[in-house]
Amino acid sequence: MNWSAAALLVIGLTCAVSAIMTVAASAPAATLLALAAGGALTALRAVERRSPHPLLPIPPGARRPLAAACLVAGVMNLCALGSLFLLTLVLQDVQGRDPLAAGLLVLPAMLPLPLLGAPAGRLATRIGVWRISVLGLIVAAVGLVGMAMTIDGAGPFTLAIALVVWGIGLGVLTPAIVAAALRAVPDLPGLAAGASNTSRQTGGALGIALFAALAGPSGAASFPSNAANLFVGSAVAFVVAAVACLTMVRVHS
C-alpha cells in the first residue's frame, strides 16, 4: 500500500472540511487550511503518478466509468447528508418541533433506503445501472424541491410526502451507483467498492460542512430561505448528475 499517498489524502480532506467549517469564524485560518488542502491533494496526484503501487491501480479502460460512478456517489451524499442536516435544524429551530417529533417526521425519508435496495438491484440488472441512477436522481430531485416548498410551515403530511419521494429516489440511486462502480472494474471489486465508499464518505463530510456554512446560524432570519435555496440547489445538482449518467448510458449502450 502507498502509505504516503494515503496520508496525503487524509490530510487534504481533513484540511478541506476544516476550511469550510472555520471560514465564518476566521477567514485567514480558512484560507491557510484551503491552501494546505490544495497542496496535499496536488502532492497526492504527483505521488500517485510516480508510484509503482498507487492507491487506485485502475485499468485505463475503467477510469472513466469508475470516476463517473464515484463522482455521482459523492454528489449524492454531499447533497443528501447536507440537506438532512439542515432539515433537522428547520424542523426543530425554525418550526419548533421537539427532537422526537423531528426524528419521527424524518423517518419516511429513511424507510425506502433498506426496502428498495434489493428491488432496485434487480431492476438495474434488467435495464442497466446508469438508467436506474438517472431515475433515482430525478425522483430525489423532485423530493428536494418539495422539501424546499414546505419550509414556510406547510403541514407535516405535505412534508412527509416530499420526504417519501426523496427517500424513494435515494433508495433507488444508492445501490445502482454502487453497482456502477463495481461493474466498472469487475476484476477488482475491492478497489471499486473502496473508491465508491470513500467518495460517498467524503461527499457526506463536505456536504454537512458546506451546507452548514452556507445556511448560517439556525436562529438567523435568513436561515429558512438559505436552507430552501440549498435544497433547490441540491435538486439542480442531482439533475446535472442525471445528465452525466445519461452520457454514460450512451457510451455503454
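Observations, loosely collected:
- Close pairs (6 angstrom Cβ cut-off, 6 or more residues apart or separate chains): within 24 Å of Gly216 (Cβ to Cβ) in the stretch 22-41, among the hydroxyl-bearing types (Ser, Thr, Tyr) and crowded, with 16+ Cβ neighbours inside 10 Å anywhere: Ala29/Thr22; Ala30/Thr22; Leu33/Ser18
- Matching option when the condition is in contact with a helix residue (DSSP H, G or I) (Cβ under 9 Å, 6 or more places away or on another chain), closer than 23 Å to Leu107 by Cβ and not small (Gly, Ala, Ser), among Ile177, Ile208: Ile208
- Ala25 meets all of the listed conditions (1) outside the structural domain of Ala228 (by TED's automatic domain parsing); (2) exposed (fewer than 13 other Cβ atoms within 10 Å of the Cβ); (3) assigned to a helix (DSSP H, G or I) but one, namely (3).
Condition check ((1) surrounded by 16 or more Cβ atoms within 10 Å (Cβ to Cβ); (2) closer than 24 Å to Ser199 by Cβ; (3) among the acidic types (Asp, Glu)) across all residues:
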residue	(1), (2), (3)
Leu33	yes, yes, no
Leu56	yes, yes, no
Arg63	no, yes, no
Leu81	yes, yes, no
Gly96	no, no, no
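The values are calculated or read from the model by the stated rules, or taken from the named source; none is laboratory data. As the structure is a prediction and not an experimental result, all values here were calculated from the model. Positions of Cβ are backbone-derived with ideal geometry, glycine not excepted, and every protein chain shown enters the neighbour counts.
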